[in-house]
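Here, each number is a calculation from the coordinates, and none is a lab measurement. All values reported here derive from a predicted model rather than from experimental measurement. Here the Cβ positions follow ideal geometry from the backbone for every residue, glycine too, while neighbour counts run over all protein chains shown.
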Amino acid sequence: MRQKAFRVPRVSTSAALAGGTVASLAPGLLPRTPSAQAILTSLLVLIALAVAGLIRMALRSLRFGVRQLVRLRVVAAVAAILLVGAAMGYAEHWQNELRAAMGVGGIGPWYWAQWLVWTVPLVVVVVLIARGVRWVVRRLGRVRSVAAGAALLVAAQLVIVPSIVEWRKSAYASANSYLDPGLAQPDSPARSGSPVSMASWPSLGAEGRKFVAGTPARTVRVYVGLNSAPDLDSRVALAIRELERTGGFERHHLVVTVPTGSGWIDGDAAKGLDTRFGGDVALAGLQYSDAPSWVTFVFGRHAAEESARRLFQAVEQRISTMPHPPKLYIYGQSLGALGGSSVFRDDADEDARTCGALWAGPPAGQVHHGRATVLANASDPVVRWSPSLLWRAPDLTGTRPDAPVPQWFPVLSFLQTTADLLGALNAPSGHGHRYGTDQGTVLPDC
């Protein structure tokens with residue numbers, strides 16, 4: 001039996017493999033695990049292979065002599081191997097520079113072995129699936145293939161997509177209701193969720209319970225969860241009653257803390273605020289969603305803005321009637337920063353209505369500044385990411401230079417920053433989208 005001779009890949013295939021791999025290994029903002037790097041590499045290689053396939057089809061339709069490039073196959077393959085090798089060497093150098101700046105161990109040959117073990121199967125499996133689909137299309141013919149595709153599309157719209165949406169909603173609600181057995185219900189009357197609180201411990205949600213159970217105990221912490229009251233109006237009213245019950249309005253400082261999408265308020269920020277005011281402070285937060293921040297940012301950003309606006313206005317109105325009102329501040333991280341900033345018309349309005357504001361890691365820096373303090377790590381992809389990154393370098397004014405910053409390239413920097421979003425919270429403290437107690441200690445005063 002004759003064995004099939006090894007065939008050198010087409011020129012376009014070698015170019016696609018090299019181009020996709022090199023693009024995926026371009027300098028990013030954060031250290032990456034081998035699996036994360038492999039997923040990005042596989043994705044870009046597959047996109048490059050698809051583009052190469054479309055170009056070949058177009059050239060054939062124009063009767064361009066593609067076969068004339070056969071003699072260049074070996075040259076293209078060798079050039080691709082050398083290019084990928086050089087890209088790997090530079091990527092290792094960049095990754096180790098980032099890791100040294102962030103106090104993380106460097107990478108070496110074992111990293112690339114794992115990367116290869118992940119990348120090759122991912123690419124091969126998807127290519128085989130694509131070939132299988134192409135075979136089926138040829139067997140069915142154009143008309144029946146279009147009909148089958150339309151049926152699958154309708155099924156996806158009517159059954160698959162709604163099922164996935166409901167499943168995710170159920171998962172978010174389940175995570176929000178989870179009662180951590182290692183978390184003790186606060187017994188201090190100065191905390192929501194305590195036995196005397198009007199907002200019950202179970203109703204606060206997973207993130208709300210973490211917030212009110214945090215230390216130190218001398219700070220008033222008010223939190224109202226999605227299940228604490230049936231609608232936004234009643235949740236805002238409950239938050240005001242909780243501030244009155246806990247003595248929050250009697251403290252010299254009151255901070256409206258706007259949570260992220262899942263209801264999370266950074267415990268380090270709360271500790272920093274306690275340190276900043278020597279414990280003479282009340283923190284008040286209102287949950288507006290149980291979904292992750294990125295989901296809320298895409299599908300429900302209005303909820304973050306509306307809840308922040310309503311709570312701040314209610315607090316503002318209440319203290320306006322007091323002869324000796326507390327100083328009023330506002331704080332938000334990530335989506336919470338966008339929600340908090342939306343309370344105000346502009347910088348002047350923010351300065352006039354608050355004693356101070358602090359925004360940590362605001363997406364694309366889209367917040368009012370004025371006298372506000374904006375904390376933004378140069379390595380934070382949330383701060384940098386924007387569709388405009390496709391064609392314009394980001395404005396890094398005011399960011400903290402916590403790590404080396406990669407040079408901007410059109411499209412490529414957008415892809416790399418998008419990939420870094422997935423690991424933004426996995427960075428060491430003080431890097432990426434992770435901020436420390438300085439979120440509270442550097443809050444400005446009036």
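Only lysine pairs 8 or more places apart, or on different chains, with alpha-carbon atoms under 26 angstrom apart are counted in the chain, and they number 4. Helix 161-177 and the longest principal axis of the Cα set of the chain meet at an angle near 40°. Angle between the Cα long axis of helix 142-155 and the longest principal axis of the chain, 0 to 90 degrees, nearest 10? It is inclined by approximately 20 degrees. Exposed loop sites, defined as chymotrypsin sites (Phe, Trp or Tyr not before Pro) outside DSSP H, G, I, E and B with at most 16 other Cβ atoms within 10 Å, are absent from the longest region of the chain, namely 179-390. Under the convention that each Lys and Arg Cβ holds +1 and each Asp and Glu Cβ holds -1, the size of the dipole of the range 11-163 around its Cα centre is about 1080 debye.
Taking θ as phi - 60° and the Karplus parameters 6.51, -1.76 and 1.60, the scalar couplings of the range 325-334 work out to x, x, 6, 9, 10, 9, 9, x, 10, 6 Hz in sequence order, x denoting glycine and proline. Counted over the range 11-163 with a bin width of 5 Å, the fraction of Cα pairs per bin, in whole percents, is 1, 8, 12, 15, 15, 14, 11, 9, 7, 5, 2, 0.
Among 224, 161, 45, the residue with the largest mean-square fluctuation in a Gaussian network model of the chain, with springs joining Cα atoms closer than 10 Å, is 161. Charge dipole of the range 132-192 (Cα centre as origin; +1 on each Lys and Arg Cβ, -1 on each Asp and Glu Cβ, all else neutral): 800 debye, rounded to the nearest 20. In a reduced charge model with +1 at each Lys and Arg Cβ and -1 at each Asp and Glu Cβ, the chain shows a dipole moment near 3260 debye about its Cα centre. For residue 218, the shell of other residues with beta-carbons less than 12 Å away shows a net charge of +2, using +1 for Lys and Arg and -1 for Asp and Glu. The slack in the chain from residue 158 to residue 114, taken as 0.36 nm per residue of separation less the alpha-carbon distance, amounts to 11.8 nm.
When the Cα gyration tensor is reduced to axis lengths a ≥ b ≥ c, the ratio a/c is 1.5 or higher for the range 164-319, and with a/b above b/c it is classed as prolate.
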